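**Student:** Attaching a single structure in structure tokens format; questions to follow.
Every number in this text was worked out from the coordinates using simple rules, so none of it is lab data. In this text the structure is predicted, and so the values were computed from the model without any measurement. Neighbour counts run over all protein chains shown; Cβ positions are idealised from the backbone, glycine included.
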Amino acid sequence: MADWKFVESDADGRAWMQNPSDLHAFIDIRSNAVTRDEAWRRITVVTKGWVERQLAGAQRAVFPAMLVIPDAEPAALRKSIDAAVSAGGLEHFAARVD
């Protein structure tokens, strides 16, 4: 079982969900199934629209490890994160939070 939470407050998480093509968010995930510990790990979460905005007119781009989810309404954004975290594997790309 994996857990996740917005790094910022829930209010900041809601602000991101209201403006996902303009903003990015950080989430902390925890899964003891893969890592065998309960350390939190942090990853950036963005939407496809956010990536497209960043690339518009760019000649090159460098992105850190991030979870890219489809553009959607807030409830569907949360479900996309739930599905990605539950599927596992994000731990391999997310930075450990000490």
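**Student:** Can you tell me the length gained on complete extension of the stretch Ala95 to Gln59, counting 0.36 nm per residue apart and subtracting the Cα distance?
**Tutor:** Taking 0.36 nm per residue and subtracting the Cα distance, the gain is 10.2 nm.
**Student:** Treat every Asp and Glu Cβ in the chain as -1 and every Lys and Arg Cβ as +1, leave all other atoms uncharged, and give the resulting dipole magnitude about the Cα centre to the nearest 20 debye.
**Tutor:** 240 debye
**Student:** Just for the chain, what percent of DSSP beta bridges are antiparallel, to the closest 5?
**Tutor:** 75 percent
**Student:** Something else now. With the alpha-carbon atoms as the only input, what is the per residue convex hull volume for the chain in Å³?
**Tutor:** It is 94 Å³ per residue.
**Student:** Percent of Cα-Cα pairs per 10 Å bin, from 0 to the last occupied bin, for the stretch 42-92, please list those.
**Tutor:** The percentages, shortest bin first, are 23, 49, 25, 3.
**Student:** I need the chymotrypsin sites (Phe, Trp or Tyr not before Pro) found in the stretch 6-98, filtered to DSSP loop residues with at most 11 other beta carbons within 10 Å of theirs.
**Tutor:** Passing sites in the stretch 6-98 do not exist.
**Student:** Test of understanding: given the chain, find the longest segment containing no trypsin sites (Lys or Arg not before Pro) that are in a DSSP loop and have at most 11 other Cβ atoms within 10 Å.
**Tutor:** 61-98
**Student:** I want to check the label-to-label distance for Leu23 and Asp71. Put each point 7 Å from Cα in the C-beta direction and report it in nm to one decimal.
**Tutor:** 1.8 nm
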